[in-house]
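Trainee: Structure in structure tokens, see below.
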Amino acid sequence: MNPCKYDSYPPLVQDAVSLIESNYAYLYGIDDLAVQLEVTKHHLIRLFSASTGISPGQYLIDIRLHHAKLLLQSDIDSPLEIIAGACGYSCANYFSKAFKKHTGLTPTEYARSKRAESAMAAKDQINKFYL
């Protein structure tokens, strides 16, 4: 997410966004986030939701899945268990379910489609260069 977008939010929300964006792979959830910020979970959820329009839990999920998409789009063929762990999910099975719920595709389908798009874009660039 765009950090400048959060400049007008209360300091607690700015701190929460910063922690989520830098530690998304290591946070065990909103309880853990609240402990690190030294506030109650309910206060954090109430202030974050009122300020941003989404819950801190949803923001954490969005950030994790954003990073998962970046990893899946790369040419590196990492096992799903590794990608899941790198994005803060405890197992590949749960990660796959969350990813499909969010994107409508399994992680494997998403990776395949993005790599196919990249290959087509590269082919188009070559064709433009030589034609």
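Trainee: Every residue in region 99-115 that is in a helix (DSSP H, G or I) and out of contact with any helix residue (DSSP H, G or I) (no Cβ under 7 Å at 6 or more places or on another chain), please.
Mentor: Scanning region 99-115 gives Lys100, Lys101, Thr108, Glu109, Arg112, Ser113, Arg115.
Trainee: Open to solvent by 80 Å² or more (accessible area, probe 1.4 Å) and part of a loop (DSSP other than H, G, I, E, B) - does that describe any residue in region 63-71?
Mentor: no
Trainee: Confirm whether Ser51 is open to solvent by 40 Å² or more (accessible area, probe 1.4 Å) and polar (S, T, N, Q).
Mentor: The answer is no for Ser51.
Trainee: Now a separate question. Quick one: what pairs do we get from region 27-44, first residue closer than 17 Å to Gln58 by Cβ, second in a loop (DSSP other than H, G, I, E, B), C-beta under 6 Å, 6+ apart or different chains?
Mentor: Pairs found: Leu33/Leu27.
Trainee: Further question: Considering each of Tyr59, Tyr89 in turn, give the residue that is more than 29 Å from Asp7 (Cβ to Cβ) and at pLDDT 95 or above.
Mentor: Tyr89
Trainee: Does Ser78 qualify as being of a type in the set (S, T, N, Q), open to solvent by less than 70 Å² (accessible area, probe 1.4 Å) and outside any loop (DSSP other than H, G, I, E, B)?
Mentor: no
Trainee: Please specify each residue of region 13-36 satisfying the condition of being open to solvent by 30 Å² or more (accessible area, probe 1.4 Å) and in a helix (DSSP H, G or I).
Mentor: Within region 13-36, Gln14, Asp15, Ser18, Leu19, Glu21, Ser22, Asn23, Asp31, Asp32, Val35, Gln36 qualify.
Trainee: What is the residue count in region 73-114 for residues that are at positive phi and over 15 Å from the mean Cα position of the chain (by Cα)?
Mentor: So the count comes out to 1.
The values are calculated or read from the model by the stated rules, or taken from the named source; none is laboratory data. This one's a predicted model, so the numbers in the text were calculated from it and none came from an experiment. Positions of Cβ are backbone-derived with ideal geometry, glycine not excepted, and every protein chain shown enters the neighbour counts. Accessible surface is based on the protein model in full, side chains and every heavy atom, while ligands, DNA and RNA are left aside. Shrake-Rupley method; radii C 1.70, N 1.55, O 1.52, S 1.80 Å.
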